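Chemist: Okay, here's the structure, questions in a sec.
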Amino acid sequence: MAMNISNSSTKSSLEYANDLQSAMSSNPLKKDETSSEERSKNIQEAASKVDAKSLVTGYIMQFQMNITISSETNFSSQNGLFGGTSAMNDPFKLNSILNGLDLSSIGYDGKPIQQLTQDEAKALIAEDGFFGVTKTSDRIADFVLAGAGDDVEKLKAGREGILRGYNQAEKSWGGNLPDISKETLEKALEKVDKKLASLGVNVLDENA
């Protein structure tokens, strides 16, 4: 997958696209607008500088970034709730793990995690809990599947985003993540890989 593209190149292409849209939507009837000849020239100039490949790559990179953030939020929240760990007993570490995470973005509208009791935290990561393996892995994988559809490149980008989110959560945790998160990662990737396989992509060959 061609993901190696500089930020400046992507930004430039997106800016040209915005210039093109602006030029095409301008009202030629306004007296303070440029002449029709100048407007036509502006459209042609902007269109000539739009690199379709860069635009598509830019959108895929943005998609991957969104997946990474979503995955990190899910994994970090899950880790912060991990029952009986030092995180629940150490408010400083817990705040560090959850700092900046938008839990509402993943559908969590319950009691603030920092205010949970041990029993409430354990209930959230139980088998049928909001941050349990099944619901968390489904939430992560479904975010990828819903956004990518049958687009193989987006599915690959989403898969990579899940792994990046996991790695970011691991950095916040300060070491290897608990087994619950490893199992969640495996199940989320399994669901995405199943979709890729249905589209004729062998993930094992891709990662070889």
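The values are calculated or read from the model by the stated rules, or taken from the named source; none is laboratory data. A quick note: this is a predicted structure, and the numbers were derived from the prediction, not measured. The area values use the complete protein model at the heavy-atom level, side chains included, leaving out ligands, DNA and RNA. Shrake-Rupley method; radii C 1.70, N 1.55, O 1.52, S 1.80 Å.
Chemist: With every protein chain in place, what's the accessible area of Glu153 (1.4 Å probe, Å², nearest 10)?
Modeler: 70 Å²
Chemist: OK, next. What is the total of Lys pairs in region 94-161 with C-alpha atoms under 26 Å apart, excluding same-chain pairs fewer than 8 positions apart?
Modeler: Values: Lys111/Lys122; Lys111/Lys135; Lys122/Lys135; Lys135/Lys154; Lys135/Lys156.
Eligible lysine pairs with Cα atoms under 26 Å apart amount to 5.
Chemist: Suppose the chain between Thr117 and Lys171 were pulled fully straight at 0.36 nm per residue; how much longer would it get relative to their current alpha carbon spacing?
Modeler: My answer for the length gained is 16.9 nm.
Chemist: If you don't mind, another one. For Asp151, tell me the accessible area in Å² from a 1.4 Å probe, rounded to the nearest 10.
Modeler: Ignoring ligands and nucleic acids, Asp151 comes out at about 60 Å².
Chemist: Sort Asp179, Asp109, Asp138 by accessible area with a 1.4 Å probe, largest first.
Modeler: On the way: Asp179 115, Asp109 140, Asp138 55 Å².
Final ranking, largest accessible area leading: Asp109, Asp179, Asp138.
Chemist: Further question: How large is the accessible surface of Lys156 in square angstrom, using a 1.4 angstrom probe and rounding to the nearest 10?
Modeler: Lys156 has an accessible surface of roughly 40 Å² with all protein chains in place.
Chemist: While we're here: If only Cα atoms are counted, what is the Rg of region 153-195, and what is its Dmax, in Å?
Modeler: Values for region 153-195 (Cα only, Rg and Dmax): 10.9, 32 Å.
Chemist: Would you mind calculating the gained length between Thr134 and Glu160 on full extension (0.36 nm times residue separation, minus the Cα-Cα distance), in nm to one decimal?
Modeler: Numbers: separation 26, 0.36 × 26 = 9.36 nm, distance 2.00 nm.
Length gained, Thr134 through Glu160: 7.4 nm.
Chemist: When only C-alpha pairs under 8 Å and at least 6 residues apart count, what is the relative contact order of region 115-186, in percent? Provide the component values of the computation, followed by the final result.
Modeler: Values: 39 pairs, mean separation 18.5, N = 72.
Computed value for region 115-186: 26 percent relative contact order.
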